[in-house]
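Okay, so here's the structure we're looking at.
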Amino acid sequence: MMRGLKKWRLFGLAAALMAFLAACGEEQISTLQPAGQVAEDQFDLLLLSTGVMVFVIIVVSIIYVLAIIKFRRKKVGEDVIPEQVEGSKRLEFIWTAIPIAIVLFLAVPTVAVTYQLADVDDMGVVDAEGTPASVTVDVTAKLYWWEFAYPDLGIVTAQELVVPTDEPVYFNLTAADVKHSFWVPSIGGKTDANTDGVNTFYLTFDEESADLEDGVFYGKCAELCGPSHALMDFKVKALDEAEFQAWVAAMQESTGEAEGELAQEGQELFEQSCIACHATSGAGTTGGIAPNLATFGDRNRIAGYLPHSEENLKKWISEPQEYKPGNLMPDPGSLPGREGEAFSEEELDALAAYLFGLTVEDDM
Amino acid sequence: MSSTAQAQKKGFGATLWDYLTTVDHKKIAILYLVSGGFFFVVGGIEAMLIRIQLAVPANDFVSAGVYNQIMTMHGTTMIFLAAMPLLFAFMNAVVPLQIGARDVAFPFLNSLGFWLFFFGGVFLNLSWFLGGAPDAGWTSYASLAIASGGHGVDFYALGLQISGAGTLIAGINFLVTIINMRAPGMTYMRMPMFTWTTFIASALILFAFPPLTVGLFFLILDRMFFANFFAVEMGGNTIIWEHLFWIFGHPEVYILVLPAFGIFSEIFAIFSRKRLFGYSALVFATILIGFYGFMVWAHHMFTTGLGATANAIFAVATMAIAVPTGVKIFNWLLTIWGGNISFSTPMLYALGFIPSFVAGGVTGVMQAVAPLDYQLHDSYFIVAHFHYVIVGGVVLALLGGLHLYWPKMFGTMLSEKLGKITFALFFFGFHATFFIQHFLGLLGMPRRVYTFVGDQGWDLYNLISSVGAAFMALGVITLVINIIMTSVKNERVGNDPWEDGRTLEWAIPSPPPFYNFKQTPLVRGLDTYWIEKMEGNPEGMTYAEPIGDIHMPNNSIIPFIMSAGLFVAAFGALYFIDGDKAWPLPVLALGLLITLGSMAARSLKDDLGYHIHKEDLLKEGGQPGGH
Amino acid sequence: MDINKQYSAQTWPDHPETATLEGKNKFVGFWLFLGGETVLFATLFATYLALKDKGPSGMEITASQLFELPLVFIMTMLLLTSSLTSVYAMFHMRSYNFRAMQAWMAVTVLLGAAFLGFEIYEFNHYVHEFGFTYGHSAFSSAFYTLVGTHGLHVAIGLGWFILLMIRNAKRGLNLYNASKFYTISLYWHFIDVVWVFIFTVVYLMGVVG
């Protein structure tokens, strides 16, 4: 009996939790379901300030509702002239002093957390052997994609940021063309990618992304950057330390070589028309004209937002302006060696086979 | 002998000429009201297009490029071409009357200010037909604004430059009017609250607009005349634009919202039949808000990377603004407390304003918490926040003020029934549209996106928001119907149609004669008309002078021509950079020549005005202060 | 106010510029306008300081190489003197001595025109000797915009002076134009003060640091 009740209770609790979580959005993108210490701190501030503000709203509402009910003309009388009160020094003092106290109460954690989140002193610190103690990622935002370079590890990737969990990851953020803004709502945010200068910050990833719906956290560009600003998404894979090291090793060894006949055809085509802008091996440095495709087969999306299917890839290659207006990828016809000719269905098949074969996760 | 009655007797051409040349603050108010109202509808249509596009995920109602133009023009139009001119309409209509003046200090400049605004607004909107509107957001951040192709951003910079000059002129005009033109006895601490807020807002205009002017010049020079202020590879710096824009942009919020506070203060007092509670506290809170307004601009740039110290300072400074704002809210609450509340349409807007603005205010404090703002900034949370402040504060004031002052401006009363329907539709629609957007932001939706991928937890909320917007549109349509019906019926009203008017504007006919006051009033205290009424004075005024000749300024077409010259010059500047046409430089020169020539004409020609003679005044009104 | 009313030195008010309501309005309004102008120049100064010596990588021109103090010193003296002569003009305006006022205003205009001439020479010199054109760098844009905006103010002031002098040459002083003369002299002082800041911030600090 008791046992049954307990079960029921548990079920009720779970149901309530589910309802709450549903209102809190999707866990891969919601600020209300923090998955990292920075977002956690921010969420705590949200709760604190919301609590204080709800208190203010309640006080105002009570006075407001009472005033409207008590002093409506129907009740007071049509011809009544109320007393013309000038004011009250005591009341003025009260409603000046209490808000000041509230503001001070909010100001203390605000200032503390502001400094705490700006603390990047440990960035690039090396241990006795000269290896960095933490991961640093150079993020470059471009129209409309993201480049993630790991200068200490000698690798570069794009569109999908891969990070280790449970340790601060440091970022150097800049923009190559116009201003963008880097935001991973459930991990913490956000910082502008300026065209002049580098912004540094850190984030901590406390949950592995593998358990999420798509296996990734969602990242967004938050600063208007042109027609396809809305489509300038990226994804974040948070791996545990061992997996991350394996990924790094696989990246460092990736060559971009095709396997299989069709894929090899694709590679030839790629090397003729695409290689001028797209690199296909993970080893490298920042500054690519177009996204590095070494992890293309591991990716979660085509063009940052379309479902990861061969069909979408073919559409995207054939009509880049249709799917991401204003982006810089040329139409197939204007690529080197194409002389105005679009890719045929067979050529697209070959390219898709090649690109989907570009994976490092299989080698981990 | 009202000016509208006079106008009706004249032909259309004569009426048009009258409005083109008028220097009468009441007619200029009508010009501001009509053109501001027009731009409000344009901006509203743009808003509806935005909500249609975002009603469902992956919508293709408009393309990405067009969406950015609509979104940019919605913001720019609503702030510069709708909200401010509509506030200027009420300032022009009411402030001179409230302080017992016969006109503003510079009637000629008043007209010039209007025509500059008008031509600037028209120029900006012509971009739709000339290759595309600006698409870099109303904030037009420099790197994107420089990179933006076509002439859209040029239209933005030049159009705002012209209309901004008009705004600056209007600001100086109101400052001098309030400093110099008050009737005898109208001390600063007897000025009605709307006059006070106009005064402070005008001071903010004076100091906030020059940074915008400079910023826009940099943008114009960079885009059209080879300068390098924002060209990073040439040593430029785009953050300068952000600073300049927000040094203007934050005070701009107060430029809008302070006069709105003023309108609500008038409404609370009138419809509670009670003196404003804590008048002097309200005055000082207004001054303090105006002052703080200049200290907090960098809270728009918390994520820019100014460093922890700057962020911390600006965070705390921003929170401080909550204190005087809270003082205002509580004083209004205490004004209705113990009053005799009539739920007339203007009062409904004022009562609706309190919860709406408090909600907008508290989310403002939340965003002042800098680390939290890193999450909220540039998300839909901020979209919700500033619409709560601008719509919940300013637009409700404009609608409330429209119902309140319509009889004073036009001599007829808007239908109370339709007015209440308008309020209900608009108020419900407003909350339905924007409350949910707080959550969209918290759920990770960035602002200024032309579309969104489904299944990110945003679909339902966006749909609700779009449905809410339709209710707001229905509200505005009801208002338009109301205006048309009222104008057709044309039932004239007396001096004090709300019966509980407290300030001088309600002591004179609706609409007032073109010279306002036959005799300058003597002001005997705060709410001077109320004092006279309570003492049983049937004339509603004590006079400071016997009836005598009244000096009036002459009408002039020069302000129109002067503004038109800049309008022409702007086309020259705009197409100059193309380099493939011969005409831009001559057109630029011609336009500037028209403007400078008409300035010289103004300077060379003595404009001494004319006098209305005492005998005519006596003939016309029967008795002094006639009804 | 009767524009044709004749005054003598005795009946002429002490402060003719604010003797009428129009004059008072103009007085207050113009001071406020100068407040706005101050913010405008402050913004230009701040931008100049932010962009000083900034240019494309490898740019060699800096403020300390570019500016030559002797020339700027002469310009400063010209403008300071013109401010003084405009004070004399206002002194005579207040004592109802129209001809002396016109004469001092003419001197003011000549000094201002000389200043402007030197400025044009200076800009021309930078462009031709150093290739320091408007589009050369962020530094050049900020420099020419700040100093050029001031120069534009000088030019407008000169035009305004000349217009007033010609317009009123035959009419002499009255309460209608007294406030106009006063306003232009106020404007002229403002331009002078701005130049003192330009001299200090742009040229002195440029050469030193």
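No value in this document is a laboratory result; all are computed from the given coordinates. Computed from a prediction, not measured in an experiment: that's the story for all the values here. All Cβ positions, even for glycine, are placed from backbone atoms using ideal geometry, and neighbour counts span all protein chains on display.
General remarks:
- In degrees, nearest ten, helix B:25-53 long axis to first principal axis of chain B (Cα): 30
- Chain B - Rg (one decimal) and Dmax (whole number), Cα, Å: 24.4, 78
- Largest first, the three principal axis extents of the alpha carbons in segment A:89-141 are 68, 31, 8 Å in whole numbers.
- Where N is the number of residues in segment B:484-613, Cα Rg divided by 2.2 N^0.38 Å: 1.72
- Here, segment A:23-139 has an Rg and a Dmax of 25.2, 89 Å when only alpha carbons are counted.
- Peptide B:456-463 has a mean shielding of 3, counted as Cβ atoms of other protein chains within 10 Å of each residue's Cβ.
- Mean residue ellipticity at 222 nm, helices only, chain C: -25500 deg cm²/dmol; runs of at least 4 DSSP H residues each add -39,500 (n - 2.57), and the sum is divided by the number of residues.
- Per-residue ellipticity at 222 nm, computed for chain B from helices alone with -39500 (n - 2.57) per DSSP H run of at least four residues, works out to -22000 deg cm²/dmol.
- Whole-Å distance, taken between Cα centres, linking segment A:322-337 and segment C:1-75: 54
- Each principal axis of the Cα atoms in segment A:132-364 has its own extent, and those three values, largest first, are 47, 38, 31 angstrom.
- Convex hull volume per residue, computed on the Cα atoms of segment A:73-164, equals 275 Å³.
- The relative contact order of chain B comes to 17 percent, based on Cα pairs under 8 Å that sit 6 or more residues apart.
- Spatial separation of Cα centroids for segment B:200-221 and segment B:97-150, in angstrom: 12
- A simple spin-label model places pseudo-atoms 7 Å from Cα toward Cβ; at C:Lys170 and B:Glu491 they are separated by 6.2 nm.
- 20 Å Cα-Cα reach of A:Lys190 towards lysines, excluding residues that sit fewer than 8 places from it in its own chain: A:Lys142, A:Lys179, A:Lys220, A:Lys235, A:Lys237
- Treating r as the C-beta distance of B:Ile287 and B:Thr187 and R0 as 22 Å, the FRET efficiency rounds to 0.90.
- Paramagnetic label zone (point 7 Å from Cα along Cα-to-C-beta, A:Ala176; backbone N under 19 Å) in segment A:194-214: A:194-199
- Note, ³J(HN,Hα) from phi for segment B:540-555, Karplus 6.51, -1.76, 1.60, rounded to Hz, x at Gly and Pro: x, 8, 9, 9, 8, 7, x, 5, x, 5, 10, 8, 10, x, 7, 5
- Within the straight-line cut-off of under 23 Å between alpha carbons, the lysines reachable from A:Lys89 are B:Lys274, B:Lys328, sequence neighbours fewer than 8 places apart in one chain being disregarded.
- If R0 is 22 Å, the Cβ-Cβ spacing of B:Leu585 and C:His125 corresponds to a FRET efficiency of close to 0.30.
- Expressed in Å, the radius of gyration and Dmax of the Cα atoms of segment B:113-261 are 17.7, 61.
- If you wrap the tightest convex hull around every Cα atom of segment A:306-364 and split its volume per residue, you get 108 Å³.
- Taking N as its residue count, the alpha carbon Rg of segment C:151-209 over 2.2 N^0.38 Å: 1.52
- Across segment A:175-181, coupling constants 3J(HN,Hα) worked out from phi with the 6.51/-1.76/1.60 Karplus curve, θ = phi - 60°, read 10, 8, 10, 10, 5, 10, 8 Hz, and Gly and Pro carry x.
- B:Lys605 paired with A:Asp119, simple spin-label distance in nm, labels 7 Å along Cα-to-beta-carbon: 7.2
- Per the Cα gyration tensor, the protein assembly as shown maps to an equivalent ellipsoid with semi-axes of 56, 40, 27 Å, ordered largest to smallest.
- The protein assembly as shown: antiparallel DSSP beta bridges as a percent of all, rounded to 5: 75
- Other-chain or far-sequence residues with amide H under 5 Å of B:Ala227's (modelled H): B:Asp222
- Using alpha-carbon coordinates, inclination of helix B:459-489 to the longest axis of chain B, degrees: 30
- Across segment B:421-438, rounded Karplus estimates of 3J(HN,Hα) from the backbone phi angles (6.51 cos²θ - 1.76 cosθ + 1.60, θ = phi - 60°) give 5, 3, 4, 4, 4, 5, 5, 4, x, 4, 5, 5, 5, 9, 4, 5, 5, 3 Hz, Gly and Pro being marked x.
- Computed with the Debye formula from one identical point scatterer per Cα of segment C:66-197, without solvent, the log10 of I(q)/I(0) at q = 0.18, 0.20 Å⁻¹ comes to -0.92, -1.07.
- Label sites at B:Phe225 and A:Ile68, each approximated as a point 7 angstrom past Cα along Cα to Cβ, lie 5.4 nm apart.
- For B:Leu522, the residues whose modelled amide H falls within less than 5 Å of its own, excluding neighbours fewer than 5 places apart on the same chain, are B:Thr542, B:Tyr543, B:Ala544.
- Based on Cα contacts under 8 Å between residues 6+ apart, segment A:132-364 shows a relative contact order of 21 percent.
- Straight-distance candidates among the lysines for linking to B:Lys614, with alpha-carbon spacing under 19 Å and chain neighbours fewer than 8 residues away dropped: B:Lys518.
- In chain A, the DSSP beta bridges split such that about 70 percent are antiparallel, to the nearest 5.
- Folded to 0 to 90 degrees: helix B:584-604 orientation relative to chain B principal axis, Cα: 20
- Each part gets one Cα centre, and for segment B:259-295 versus segment C:131-209 those centres are 40 Å apart.
- Distant-in-sequence amide H partners of A:Val162 (H built 1.01 Å from N, under 5 Å): A:Lys237
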